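The structure appears below as structure tokens.
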Amino acid sequence: MKVLIDSGAIDVRAVWFEDGKVKMIDQRILPHQFQIVEFTSYLEVAEAIKNMTVRGAPAIGAAAAYGMALAYLQKVNLAEAATVLKATRPTAFDLFYAVDKMLEAAAKNEDLLEAAENYAEQIVDKCRRIGGYGAELIANDYVIMTHCNAGALATVDVGTALAPMRVARDQGKKIFVYASETRPRLQGMKLTAWELLNEGIPHKIIADGASGAVMRNGVDMVIVGADRIAANGDFANKIGTFDKAVLAHELGIPFYVAAPVSTFDFSIQSGQEIVIEDRAEEEVTVVDGVRIAPCGCHALNPSFDMSEAKYVTAFITEIGVLTPSEIGRIREYYQ
Ligand code: MRU
């Protein structure tokens, strides 16, 4: 489902179901190779989530929903499939939310392929709403900083942090985006910059360590995504987000977190309870297959960090822009 749109740009869809298979853009090899990979079992989908063929909290959720649909179609034990899928990546709450939604649908004897298709479509719809609300915060000539990738690749389509930028651009506003490279896996440079280029949004890549200096020289707002948001508004996102949150606070720059309701985990009271995924040290010491670090040196590789609610100006959600003290309203939306 790689569709060329009028401008010649690619209409990105991170994950979908076609011909009995779950299909995904292989995000491990972008931007220099564009390849669609396909999976026929939930075990393969689980592995694709783990090895980050598909990544970004909402897209992981959709992939897991499709994984559950494959298990249902193949009459595999759904509780077992749910356990395996939930064990892939610990931090992204959308994964757990999506798998539980599929178990609820199964308990109601619903068709899980239909449920997964609806789940994926709903995410895209939520992202469009996030784009609409977020664009209201963007004025003409704004310079915006983002981190990691919270675009279409991370959310099935449209994006969370990138959605307001796309809508602002469509509204005719002139914007400029700084995308920090996001060591160690470089999602900012490899994926966000690729999406911004594809969308025709003016941008520059910056080294992660340049964030403070670039912010001080004139950034109007920061917009990032999230992997899990606690009841008090503390949130986890890609490693390096905390640095930006503190810098923005110090420099008086508004700091927004764009995320759908499926990223809010009201079962935990604060960010202290968020499990932060540790990944292989080779993600740090080896870059694109080449060992950079001295042999014999080891690396620590926390994949996410946690930022306290006090750093967040507001959350941009599909139900509106909410300050940390207002996010309790999302609970009503859940019911
Ligand atoms: O490890 P990744 O690439 O899955 O991490 C992705 C992020 O941290 C994103 O910012 C987050 O999932 C929000 S995606 C809309």
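The values are calculated or read from the model by the stated rules, or taken from the named source; none is laboratory data. All values derive from a computational prediction rather than experimental measurement. Cβ: placed from backbone, ideal geometry, glycine included. Neighbour counts: every protein chain shown. In case anyone asks, the SASA skips ligands and DNA or RNA and just uses the protein heavy atoms, side chains included. Shrake-Rupley method; radii C 1.70, N 1.55, O 1.52, S 1.80 Å.
Looking at region 149-170, can you tell me whether even one residue there is part of a strand (DSSP E or B) and not β-branched (V, I, T)?
No: region 149-170 contains no residue that is part of a strand (DSSP E or B) and not β-branched (V, I, T).
Does at least one position in region 72-91 carry a residue that is in contact with a Gly (Cβ under 6 Å, 6 or more places away or on another chain), modelled with pLDDT of 95 or more and of a type outside the set (V, I, T)?
Initial filter on region 72-91 (in contact with a Gly (Cβ under 6 Å, 6 or more places away or on another chain)): 85.
Next cut, modelled with pLDDT of 95 or more only: 85.
In the following step, the residues that additionally are of a type outside the set (V, I, T) were identified as 85.
Yes; the residues of region 72-91 include at least one that is in contact with a Gly (Cβ under 6 Å, 6 or more places away or on another chain), modelled with pLDDT of 95 or more and of a type outside the set (V, I, T).
Looking at region 218-234, is at least one residue assigned to a helix (DSSP H, G or I) and not aromatic (F, W, Y)?
No, that holds for no residue.
Show the residue pairs meeting these rules: Cβ distance below 7 Å; 6+ apart or different chains; first residue within region 263-278 and assigned to a strand (DSSP E or B); second residue away from the ligand (no atom under 13 Å from the Cβ) and of a type outside the set (V, I, T).
Close Cβ pairs satisfying both conditions: D265/A230.
For F264, state whether it is in the same structural domain as E181 (by TED's automatic domain parsing), modelled with pLDDT of 95 or more and in contact with a Ser or Thr (Cβ under 6 Å, 6 or more places away or on another chain). Before you say what the answer is, go through the steps one by one.
Numbers: in the same structural domain as E181 (by TED's automatic domain parsing): yes; modelled with pLDDT of 95 or more: yes; in contact with a Ser or Thr (Cβ under 6 Å, 6 or more places away or on another chain): no.
It is false that F264 is in the same structural domain as E181 (by TED's automatic domain parsing), modelled with pLDDT of 95 or more and in contact with a Ser or Thr (Cβ under 6 Å, 6 or more places away or on another chain).
Among the listed residues N140, N149, N77, which satisfies the condition of being within 16 Å of the ligand (Cβ to nearest atom) and either in contact with a helix residue (DSSP H, G or I) (Cβ under 9 Å, 6 or more places away or on another chain) or under 23 Å from G188 (Cβ atoms) (or both)?
Going through N140, N149, N77 in turn, the sole match is N149.
Is it the case, given these coordinates, that F235 is in contact (Cβ under 8 Å) with a residue 60 or more places away in the chain, assigned by TED's automatic domain parsing to the domain that holds D305, open to solvent by 10 Å² or more (accessible area, probe 1.4 Å) and within 13 Å of the ligand (Cβ to nearest atom)? Steps first, answer last, please.
Working: in contact (Cβ under 8 Å) with a residue 60 or more places away in the chain: yes; assigned by TED's automatic domain parsing to the domain that holds D305: yes; open to solvent by 10 Å² or more (accessible area, probe 1.4 Å): no; within 13 Å of the ligand (Cβ to nearest atom): yes.
Against the criterion (in contact (Cβ under 8 Å) with a residue 60 or more places away in the chain, assigned by TED's automatic domain parsing to the domain that holds D305, open to solvent by 10 Å² or more (accessible area, probe 1.4 Å) and within 13 Å of the ligand (Cβ to nearest atom)), F235 does not qualify.
Yes/no matrix, rows are residues, columns are (1) away from the ligand (no atom under 16 Å from the Cβ); (2) without any contact (Cβ under 8 Å) to a residue 60 or more places away in the chain; (3) not assigned by TED's automatic domain parsing to the domain that holds A299:
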{"residue": "P184", "(1), (2), (3)": "no, no, no"}
{"residue": "A193", "(1), (2), (3)": "no, no, no"}
{"residue": "V219", "(1), (2), (3)": "yes, no, no"}
{"residue": "A231", "(1), (2), (3)": "yes, no, no"}
{"residue": "G252", "(1), (2), (3)": "yes, yes, no"}
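Which residues, counting only those in region 291-335, are assigned to a strand (DSSP E or B) and open to solvent by 30 Å² or more (accessible area, probe 1.4 Å)?
R291, P302, M306, V321
Go through region 50-72 and report how many residues are over 21 Å from A107 (Cβ atoms) and crowded, with 24+ Cβ neighbours inside 10 Å.
Kept after step one, since they are over 21 Å from A107 (Cβ atoms), are these residues of region 50-72: 50-60, 63.
Restricting the remaining residues to those that are crowded, with 24+ Cβ neighbours inside 10 Å gives 54-60, 63.
Residues flagged as over 21 Å from A107 (Cβ atoms) and crowded, with 24+ Cβ neighbours inside 10 Å within region 50-72 amount to 8.
Of the residues that sit in region 198-243 and are closer than 20 Å to S270 by Cβ and aliphatic (A, V, I, L, M), which one is farthest from the chain's Cα centre (by Cα)?
For region 198-243, the residue satisfying everything is A231.
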